[in-house]
Amino acid sequence: MFHQMAGLSIQSPFTTTSVLVFHLLLIPFSKGQSQLIGPSQPIVAKIGSDIILPCHLEPAQDVAAKTLDWTRSDLDPRFVYVWRARQELLDEKNPSYLGRTSLFTDELKHGNISLKLSRVKPADQGRYKCFIPKEKEESFVELVVGK
Ligand SMILES: *[C@@H]1O[C@H](CO)[C@@H](O)[C@H](O)[C@H]1NC(C)=O
């Protein structure tokens with residue numbers, strides 16, 4: 001009887017410890033930051049066509065009030081599209097994309113930051129980054145331009 005009791009009193013601190021360790025392991029996952037998701041395959045577009053470069057947050061989160069940008073690191077200036085203070089910011093936009101890029105602004109509340117690119121040119125081929133600076137979240141889209 002005494003032995004059993006002693007066994008219990010020794011066991012319980014171990015149980016507490018393992019529960020604690022279990023919770024500590026879960027913390028990084030349960031903090032729950034959304035992630036940007038892009039396509040796993042390159043997007044293929046024809047010259048002159050209009051296309052969508054997909055990018056969205058999972059789980060969905062309203063991003064309409066956030067700064068969002070689409071860039072191509074091989075260009076100078078690198079900005080393909082910048083959304084700030086609920087509107088497009090044109091200051092640093094690469095002239096090659098003037099009048100050709102837009103967001104689906106009604107989709108931003110669903111965390112959808114997909115970019116529409118109109119009248120595709122051969123020079124549009126490249127690696128695009130979809131980025132939320134505040135969350136340091138990014139995802140990439142490879143665009144291949146065919147004939
Ligand atoms: C994002 O919006 C575009 C344009 O409306 C749509 O084609 C695409 O399916 C949407 N993506 C998601 C994940 O809802």
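Does at least one position in the stretch 135-143 carry a residue that is β-branched (Val, Ile, Thr) and over 17 Å from residue 44 (Cα atoms)?
First, the residues of the stretch 135-143 that are β-branched (Val, Ile, Thr): 141.
Checking the rest, the ones that are also over 17 Å from residue 44 (Cα atoms) come to none.
Within the stretch 135-143, not a single residue is β-branched (Val, Ile, Thr) and over 17 Å from residue 44 (Cα atoms).
Of everything in the stretch 123-141, what is away from the ligand (no atom under 16 Å from the Cβ), of a type in the set (Gly, Ala, Ser) and either assigned to a strand (DSSP E or B) or under 13 Å from residue 71 (Cβ atoms) (or both)? Give them in sequence order.
Selection gives 126 alone.
Among the residues of the stretch 52-70, is any within 16 Å of the ligand (Cβ to nearest atom) and of a type in the set (Ser, Thr, Tyr)?
Within the stretch 52-70, none of the residues are within 16 Å of the ligand (Cβ to nearest atom) and of a type in the set (Ser, Thr, Tyr).
Among 120, 144, which is away from the ligand (no atom under 16 Å from the Cβ), at pLDDT 95 or above, surrounded by fewer than 16 Cβ atoms within 10 Å (Cβ to Cβ) and of a type in the set (A, V, I, L, M, F, W, C)? Break it down into steps so the answer makes sense when it comes.
On the way: 120 fails: surrounded by fewer than 16 Cβ atoms within 10 Å (Cβ to Cβ).
Every option except 144 fails the conditions.
Residue by residue, here is whether (1) surrounded by 12 or more Cβ atoms within 10 Å (Cβ to Cβ); (2) at positive phi; (3) over 18 Å from the mean Cα position of the chain (by Cα) holds:
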position	(1), (2), (3)
43	yes, no, no
49	yes, no, yes
54	yes, no, no
59	no, no, no
72	yes, no, no
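Can you spot a residue in the stretch 80-93 that is in contact with a Gly (Cβ under 9 Å, 6 or more places away or on another chain) and not aromatic (Phe, Trp, Tyr)?
Taking the stretch 80-93 and keeping what is in contact with a Gly (Cβ under 9 Å, 6 or more places away or on another chain), we get none.
Scanning the stretch 80-93, I find no residue that is in contact with a Gly (Cβ under 9 Å, 6 or more places away or on another chain) and not aromatic (Phe, Trp, Tyr), so the answer is no.
Just need a number here: residues in the stretch 75-108 that are in a strand (DSSP E or B), free of Cβ contacts under 8 Å to residues at least 24 places away in the same chain and away from the ligand (no atom under 16 Å from the Cβ). Walk me through it before giving the result.
First, pick out the residues of the stretch 75-108 that are in a strand (DSSP E or B): 79-84, 87-88, 93, 101-103.
When the remaining residues are screened for being free of Cβ contacts under 8 Å to residues at least 24 places away in the same chain, the result is 79, 82, 84, 87-88, 93, 102.
Filter again for away from the ligand (no atom under 16 Å from the Cβ), leaving 79, 82, 84, 87-88, 93.
Count: 6.
Taking residue 83, is it surrounded by 14 or more Cβ atoms within 10 Å (Cβ to Cβ), out of contact with any Pro (no Cβ under 7 Å at 6 or more places or on another chain), over 18 Å from residue 142 (Cβ atoms) and among the hydrophobic types (A, V, I, L, M, F, W, C)?
For residue 83, the condition - surrounded by 14 or more Cβ atoms within 10 Å (Cβ to Cβ), out of contact with any Pro (no Cβ under 7 Å at 6 or more places or on another chain), over 18 Å from residue 142 (Cβ atoms) and among the hydrophobic types (A, V, I, L, M, F, W, C) - is met.
The values are calculated or read from the model by the stated rules, or taken from the named source; none is laboratory data. Keep in mind that what you see is a predicted model, and the values were worked out from it rather than measured. In this analysis, Cβ positions are derived from the backbone assuming ideal geometry, glycine residues included, and neighbour counts consider all displayed protein chains.
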